Amino acid sequence: MDSQLLPFATQDVPRYTSYPTAVQFQSPFPGQQADDWLTALDPEATLSVYVHIPFCRQLCWYCGCHTSVPNSYDRAARYVDYLVKDIKRSASLFQGRKGKVTHLHFGGGTPTYLDDLHIGEIVEAIDKGFGLSTGGEMALESDPRTLTRERARVLAAMGFNRISFGVQDFATPVQMKINRLQTFGLVKAATEFLREAGFQSVNFDLMYGLPAQTVESVTMTAQQAASLKPDRISVFGYAHVPWFKKHQKMISDADLPGVNARYDQATTIERELNAHGYASIGLDHFALEHDELTAAAKNGTMRRNFQGYTTDVSDALLAFGASAIGEFPGGFVQSARDTLEWSQKIDRNESPVTRGLATTAEDRMRSEVIERLMCDLSVDAADIAQRHGFDPAIFDDVPEKLEPAIHAGIAEVKGTRVSVPPKHRLFLRTVAAAYDAHFVAAPNRHAKAV
């Protein structure tokens, strides 16, 4: 890595899956506000629904997700009961036309920790309460170690058409260090089961910066992953935060690659995937030519939300489950992280929301600026400011903020347009921070840029 890039690689910056970011959410936040925003939605509003399943059969030591390993399945069954109850409560408040849910996403944790009957019960509650649109996307995250041919068929029969596997790295020494053993052959078989069942899209998640990873290991992993031809591949940098995620203490600091090695791993993965026909998408996604995300990236319609890069242009994101984050035209809401608090609120027939933020007109304007930069690697902030009724002078300080980045070559300014060269896409978040009115640099508050 060029020495000029080093200071930017080690910066803590938001991932900008929302703006303002979750750090700015207020707590406590009135659950009634979430209900009011739901009731006030336009009757013709299109909806995206996120369901959080905070359970796994085994804890991977690198994981930063809100999840746990239940001591019995009964806990998960009770969780589903509360989920369905909250979905029905929310549906009773919804004044819109049914059949407008264009995207449904199950995340976690591992949603397929649930048995098929419970997954089906949740899907049925959403369909009855809000209505799944014909031809919409139904996606879930899954552990390839537990996917069978029969289960793939059952999930497809429920309507699921997209799935994401956590692959991370195929190298056995790395897998042993992160407590996730899964062979290439196992992932290959699971992928074949999905294709046989008729899944339209398969996504792999890869990581760099894991213990024992090397340029050689990520090269092999990228080649093996590409050979299975998943439609999309996401590549994330491991965030080591053992003070926040206690299980990460199982990973020794001595086994972690340094920032230069992380950069080499990330850029190596990109080169390998590009060589195998994957287009680089935004910050950290890759897709084959036929994928709709590739088309959206080319024509400027790609979006970014809490699930990453997407073609989802829904008017609102409804979120169900402990810690789940939703978004309305008026702001963001987040359910209680603690499942006991979450369930108690549902028992009282209340919204389980405990955190959130009502956004301002300026927030929404800046959100569009940051989203377009994160998606397109280029943005004319003055144009967006004017469309939102703001004086473009609001961004007069941006060139000065970006002066070090411009000098290092990771940002380019031409008039009111700011761009990030594709070869420096890893630094997109750093450049986007120049448009963030709330951003305050602080150690360990956000993930490292690289």
request  = Give the range of the longest stretch in the chain that excludes all GluC sites (Glu not before Pro) found in loop regions by DSSP and having at most 15 other beta-carbon atoms within 10 Å.
outcome  = 45-288
request  = Please report how far the C-alpha centroid of the range 65-82 lies from that of the range 165-211, rounded to the nearest whole angstrom.
outcome  = 24 Å
query = For residue 338 and residue 393 in one chain, what is 0.36 nm times their gap in residues minus the Cα-Cα distance, to one decimal in nm?
reply = 15.5 nm
query = So how many Lys-Lys pairs in the range 23-317 land under 23 Å Cα to Cα, not counting same-chain pairs under 8 apart?
reply = 14
request  = At 0.36 nm per residue, minus the direct Cα-Cα distance, what do residue 274 and residue 378 gain on full extension? Give it in nm, one decimal, please.
outcome  = 35.4 nm
task = Would you work out which of 156, 199, 176 lies farthest towards the positive end of the dipole of the range 122-203? Charges go on Cβ: Lys and Arg +1, Asp and Glu -1.
result = 176
key: Cβ-defined net charge surrounding residue 329, 10 Å radius [Lys, Arg +1; Asp, Glu -1]   = -2
FRET efficiency, 1/(1 + (r/R0)^6) with R0 41 Å, evaluated for residue 2 and residue 57 via beta carbons = 0.40
remark   = Among the range 321-354, those whose backbone N falls under 16 Å of a label point 7 Å along Cα→Cβ from residue 88 are 346-351
key: At R0 = 22 Å, FRET efficiency that the Cβ-Cβ distance of residue 176 and residue 253 yields, to 0.05   = 0.80
Residue-span extension gain [residue 77 to residue 117] - 0.36 nm each, minus C-alpha spacing = 13.4 nm
ask   = Computed from these coordinates, which is P(r) over Cα pairs in 10 Å bins from 0, in percent: (i) 4, 20, 31, 29, 14, 2, 0; (ii) 4, 18, 26, 27, 18, 6, 1, 0; (iii) 4, 14, 20, 19, 18, 14, 7, 2, 1, 0, 0?
value = (i)
inquiry  = Below 15 Å, Cα to Cα, which aspartates and glutamates can residue 401 reach? Residues fewer than 8 away in the same chain don't count.
reply    = 412, 436
remark   = Between residue 241 and residue 400, Cβ-based FRET efficiency (R0 35 Å, step 0.05) works out to 0.65
message = Can you work out the Karplus-derived ³J(HN,Hα) for every residue in the range 161-172? Use 6.51 cos²θ - 1.76 cosθ + 1.60 with θ = phi - 60°, whole Hz, and x for glycine or proline.
response = 10, 9, 9, 10, 9, x, 9, 6, 7, 8, 6, 4
task = Select from 93, 41, 218 the residue farthest towards the positive end of the dipole of the chain; place +1 on Cβ of Lys and Arg, -1 on Cβ of Asp and Glu, and compute about the Cα centre.
result = 218
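We did not get these values from a lab; they are worked out from the coordinates using the rules stated. Predicted model only: the values in this text are computed from it and were never measured. For neighbour counting, all protein chains shown are included, and Cβ atoms are generated from backbone atoms with ideal geometry for every residue, glycine included.
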